[in-house]
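Report on the following structure.
The values are calculated or read from the model by the stated rules, or taken from the named source; none is laboratory data. The model shown is predicted, which means the values in this text are computed figures rather than measured ones. All Cβ positions, even for glycine, are placed from backbone atoms using ideal geometry, and neighbour counts span all protein chains on display.
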Amino acid sequence: MTNATLSRRKSQLTKGKLPRYTVWVVLGAAVVLAAAVSALVGFSIVSWTIFAAVFFVAGATIVTATVEGGRKATDSLATYLVYGCFLLALLPLLSVIWTVLERGLPGISYDFLFTSMNGVTGAVDNDAAENGTPVLGGAYHAVIGTLQITLWATLISVPIGLLAAIYLIEYGTGGPLTRAITFFVDVMTGIPSIVAGLFAAALFGLLFGPGTRTGFVAAVALSVLMIPVVVRSTEEMLKIVPNELREASYALGVRKWRTITRVVIPTAISGIASGVTLAIARVIGETAPILVTAGFASAINWNVFSGWMSTLPTFIYYQILTPTSPTSIDASTQRAWAAALLLILMVMLLNLVARLVARMFAPKTSR
Amino acid sequence: MSTNSLTSTGRAGDSGDKIFSGATLAAGGLILAVLFSVAVFLLIQALPTFSADPAEITGGEGFGSYILPIVIGTVIAATIALLIATPLGIGVALFISHYAPRRLAQVFGYVIDLLAAIPSVVYGAWGYAVLAPQLALAYAWLAENLGWIPIFEGPASQTGRTMLTAGIVLAVMVLPIITSLSREIFLQTPNLHEEAALAMGATRWEMIRMAVLPFARPGIVSAAMLGLGRALGETMAVALVLSGGALDASLIRSGNQTIAAEIALNFPEAFGLRLSELIAAGLVLFVITLAVNMIARWIISRHKEFSGAN
């Protein structure tokens, strides 16, 4: 009697439930079956993967439905689909990174990093393709352009963004002006980058005559994109500065502006710095605004206030769209991917720096 | 002496206060002025187009018939992107917020955020060099087997540089936006709601459907709208991937064009009236994205008031 209840109770816990290894069994079966079906229609990795995924999801759902019931089956179907979404989202990321590494690494050399495209013509590229001479020309001018334009954009947008954020948090009283600024900063985040470029082009076109294209115009265009990001992140950081700090400062008789510059901002500086870095990372890869504001150059130009300039993104764009030598485009393609690798490294580095800054200089809160 | 210095420093500090608050106010006002002047300067530069003889506009039939096809093209590209990215983004966000092991969830979040860190021109190059040739095979199959549906009408593009490819690349680009915003909202779901659902015997999916999704619906809508705004204005991916042309119902043939790509491709060589035309096109794009973004922000702000009551 006792034995019977015991064994019955034990079986009741696992009754109607699939053992854990079921998933792996179904997965194995699906992979094998998919290989067979895929071989029938002409084998390829892509079709194999697709068939395997479909068979697995269908098979596992049906097995669950028959053993555990409809609700559990819906639940497991949802689980597989959600996992599938994530894996699917990883595909383009891996593909992009792999492509850039595979095609970009061969192009990275001392020459690529420290020479410009000045004097590199189609004939040079043809020579490289036919006689195997090294691919000449590099992205030095574009790197300089990128750094210069981004630097100027940062110089313009950081003070404006910082002060505006301070106004919103420290001085704003929730009146219509504050709400308008908050709302339009949010809206500004969504301005298409090409429209920002057109704005700068139109502004300088009116002021200095049509067709004015310099690095500085591009910097203004990038600032339009950068300011809202700086305001947003600074605002978030100022919000989390505890009010006690401000009140303690006021209690000592310190002026409001001294409180802000000496107490509030130093407390929030790590977050602000990392927000600014992320904003730089965002605009450094912009292509469209540069295209319409800074033109395109193949020689080094250190002066942002006169002459056309190249940046890494526009360099990539033009190397792909209009190869230096129309007959042997391999040299241009190689330069484009090498520049893409360089650009991605820059952006990743900035992102990493932002995270490190946020972590290292984080204010020491209560001990 | 001491009273003197007290009053004098007081005055100095006072002016410091005034200067500083004035500067912050000016910066805030400047932002409003910039947004306003974006519209004004674009309008000024675009004016010649609106007053020009219709025959002089590209296409020869006036600005309306020039802009309409590329507006439709822009909407098609953004729609494809959104149709792919919204369900996928919600799935990824759910994975990170509710399915992934807790320890790994944050890492997975960073990984998906990496998608946002890749510059758009690199996506364009990738779509042009890697994705398009792959998809060309799929398009040939689609044209052969589903060619009776207008959007898959053949002959399929040999290079794969079509609207559908551009839409897919755009989907990859807006995915991180939709994912990160929905993830934030999913994580804000009141724990008590979730636990209550689970305590009633709901499965994980039922809990998500009954507690998480209804709570997050406005957030998802606004995330999709912000993604839409990005997809509408995205330039480089389309400019590089799409081999543009006249408006075409089939998504697997070359043809169609978006406003942003049209501007980027033609602006460097444009002058005179053509320049003004492109700026007018930019103005149209600006108005469209502004409307989309304002609606999205409005939904978010309305939701904020609601969630405050919870």
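If only residues of segment B:12-33 that are of a type in the set (A, V, I, L, M) and more than 35 Å from the chain's Cα centre (by Cα) are counted, the one that is farthest from the other protein chains (Cβ to nearest Cβ) is B:A12. When residues in segment B:251-306 are screened for being small (G, A, S), more than 14 Å from the chain's Cα centre (by Cα) and part of a helix (DSSP H, G or I), 8 of them pass.
For A:V82, the test of being more than 16 Å from B:V130 (Cβ to Cβ), away from every other protein chain (no Cβ under 13 Å) and touching a Gly at 6+ places or on another chain (Cβ under 8 Å) is failed. For segment B:41-78, taking the residues that are of a type in the set (A, V, I, L, M, F, W, C), away from every other protein chain (no Cβ under 14 Å) and farther than 25 Å from B:T165 by Cβ, the one that is surrounded by the most Cβ atoms within 10 Å (Cβ to Cβ) is identified as B:I57.
Of all residues in segment A:314-336, which are more than 10 Å from chain B (Cβ to nearest Cβ) and crowded, with 20+ Cβ neighbours inside 10 Å? Listed by number, the residues that qualify are A:T324, A:A331, A:S332, A:Q334, A:R335. Within segment B:133-152, not a single residue is closer than 13 Å to B:S250 by Cβ, among the acidic types (D, E) and more than 9 Å from every other protein chain (Cβ to nearest Cβ).
A:L88 satisfies every condition listed in (1) more than 11 Å from every other protein chain (Cβ to nearest Cβ); (2) within 30 Å of B:T179 (Cβ to Cβ) except (1). Search segment B:106-132 for residues being more than 11 Å from chain A (Cβ to nearest Cβ) and aliphatic (A, V, I, L, M), and hand back the single one that is farthest from A:R335 (Cα to Cα). Selected residue: B:V107. Candidates A:V241, A:V276, A:V264: the one that is in contact with a helix residue (DSSP H, G or I) (Cβ under 9 Å, 6 or more places away or on another chain) and free of Cβ contacts under 8 Å to residues at least 40 places away in the same chain is A:V241. Scanning segment A:183-207 for residues that are under 26 Å from A:A268 (Cβ atoms) and touching a residue at least 24 places away in the same chain (Cβ under 8 Å), which turns out farthest from the other protein chains (Cβ to nearest Cβ)? In this case the residue turns out to be A:T189. Of the residues making up segment B:153-208, those that are outside any helix (DSSP H, G or I) and of a type in the set (G, A, S) are B:G154, B:A156, B:S157, B:G160, B:G201, B:A202.
Of note, B:L226 satisfies the criterion of being within 12 Å of chain A (Cβ to nearest Cβ), at pLDDT below 90 and crowded, with 21+ Cβ neighbours inside 10 Å.
Exactly one residue out of A:S47, A:S11 is touching a helix residue (DSSP H, G or I) at 6+ places or on another chain (Cβ under 7 Å), farther than 25 Å from B:H98 by Cα and modelled with pLDDT under 80, and it is A:S47.
Summed over segment A:107-163, residues that are of a type outside the set (A, V, I, L, M), in contact (Cβ under 8 Å) with a residue 24 or more places away in the chain and not in a loop (DSSP other than H, G, I, E, B) total 18.
What residue, among those in segment A:347-362 that are within 13 Å of the chain's Cα centre (by Cα) and within 9 Å of another protein chain (Cβ to nearest Cβ), is surrounded by the fewest Cβ atoms within 10 Å (Cβ to Cβ)? Across segment A:347-362, the extreme among qualifying residues is A:M348. Flag: B:A246 matches the condition of being more than 14 Å from A:A201 (Cβ to Cβ), assigned to a loop (DSSP other than H, G, I, E, B), of a type outside the set (D, E) and more than 10 Å from chain A (Cβ to nearest Cβ). Can you find even one residue in segment A:254-262 that is assigned to a loop (DSSP other than H, G, I, E, B) and either touching a Phe, Trp or Tyr at 6+ places or on another chain (Cβ under 7 Å) or farther than 30 Å from A:G209 by Cα (or both)? Yes: segment A:254-262 contains one or more residues that are assigned to a loop (DSSP other than H, G, I, E, B) and either touching a Phe, Trp or Tyr at 6+ places or on another chain (Cβ under 7 Å) or farther than 30 Å from A:G209 by Cα (or both). Among the residues of segment A:143-157, those that are crowded, with 18+ Cβ neighbours inside 10 Å and under 20 Å from the mean Cα position of the chain (by Cα) comprise A:V143, A:T146, A:I149, A:T150, A:A153, A:T154, A:S157. With respect to the conditions (1) of a type outside the set (A, V, I, L, M, F, W, C); (2) buried (at least 18 other Cβ atoms within 10 Å of the Cβ); (3) at pLDDT below 85, B:G282 lacks only one, and its number is (3).
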